[in-house]
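Participant: First, the structure itself, so that you have it in front of you.
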Amino acid sequence: MKKLIRKVKQILKITNVTCVIEYTNPLSISQFTALMQNMVNKFPGSCKPSSISGRPNSAFIEVDFREACITEADLIRASDMTLEGIRQSNPVKSVKINNL
């Protein structure tokens, strides 16, 4: 079934890109809230995510895009800009981009 869905997406040129950002430490409530509410505004206008999800006290968030328009550097920059006003520092440890 997955192969069929993937083939239909290729034919219709539908691409989903899932990016997983891992932070050095688990996200505090204030960091998590800032990322969920404000991170979307930090991306370039031509490449906005379709969703951002995660859980407080987890070191991971997932950012989904409808097309492959983002780089690891752009994800790190958007995250850093979102969290810069929050007192606790929590640098990005790694970024994983999966094209589906």
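Participant: Quick check on region 73-88: of everything there that is among the aliphatic types (A, V, I, L, M) and over 9 Å from Gln31 (Cα atoms), which residue is farthest from the chain's Cα centre (by Cα)?
Facilitator: Going residue by residue through region 73-88, those that are among the aliphatic types (A, V, I, L, M) are 73, 75-76, 78, 81, 83, 86.
Still in the list and also over 9 Å from Gln31 (Cα atoms): 73, 75-76, 78, 81.
Values: Ala73: 12, Leu75: 7, Ile76: 9, Ala78: 9, Met81: 13 Å.
Among those that are among the aliphatic types (A, V, I, L, M) and over 9 Å from Gln31 (Cα atoms), it is Met81.
Participant: Would you say Ser50 is over 17 Å from Val95 (Cα atoms), touching a strand residue (DSSP E or B) at 6+ places or on another chain (Cβ under 7 Å), surrounded by fewer than 14 Cβ atoms within 10 Å (Cβ to Cβ) and modelled with pLDDT under 95?
Facilitator: Values: over 17 Å from Val95 (Cα atoms): yes; touching a strand residue (DSSP E or B) at 6+ places or on another chain (Cβ under 7 Å): yes; surrounded by fewer than 14 Cβ atoms within 10 Å (Cβ to Cβ): yes; modelled with pLDDT under 95: yes.
So Ser50 fits the description; yes.
Participant: In addition: Among what's in region 28-56 and is touching a helix residue (DSSP H, G or I) at 6+ places or on another chain (Cβ under 7 Å) and aliphatic (A, V, I, L, M), pick the residue that is farthest from Arg66 (Cα to Cα).
Facilitator: If we take residues in region 28-56 being touching a helix residue (DSSP H, G or I) at 6+ places or on another chain (Cβ under 7 Å) and aliphatic (A, V, I, L, M), then Ala34 is farthest from Arg66 (Cα to Cα).
Participant: Among the listed residues Ser94, Ser58, Ser30, identify the single one that is modelled with pLDDT under 95 and hydroxyl-bearing (Ser, Thr, Tyr).
Facilitator: Details: Ser94 fails: modelled with pLDDT under 95; Ser58 fails: modelled with pLDDT under 95.
Only one candidate qualifies: Ser30.
Participant: Related question: Please tell me if Ala73 is of a type in the set (A, V, I, L, M, F, W, C), touching a strand residue (DSSP E or B) at 6+ places or on another chain (Cβ under 7 Å) and surrounded by fewer than 14 Cβ atoms within 10 Å (Cβ to Cβ). Before the answer, list the steps.
Facilitator: Values: of a type in the set (A, V, I, L, M, F, W, C): yes; touching a strand residue (DSSP E or B) at 6+ places or on another chain (Cβ under 7 Å): no; surrounded by fewer than 14 Cβ atoms within 10 Å (Cβ to Cβ): yes.
No; evaluated as a whole, the condition is false for this residue.
Participant: Residues of region 28-47 being outside any helix (DSSP H, G or I) and loosely packed, with under 14 Cβ neighbours inside 10 Å, which ones? Before you say what the answer is, go through the steps one by one.
Facilitator: To start, the set of residues in region 28-47 that are outside any helix (DSSP H, G or I) comprises 28, 43-47.
Those that are outside any helix (DSSP H, G or I) and loosely packed, with under 14 Cβ neighbours inside 10 Å: Pro44, Gly45, Ser46.
The values are calculated or read from the model by the stated rules, or taken from the named source; none is laboratory data. Because the structure is predicted, anything quoted here is derived from the model rather than measured. Glycine also receives a Cβ, built like all others from the backbone with ideal geometry; neighbour counts cover every protein chain displayed.
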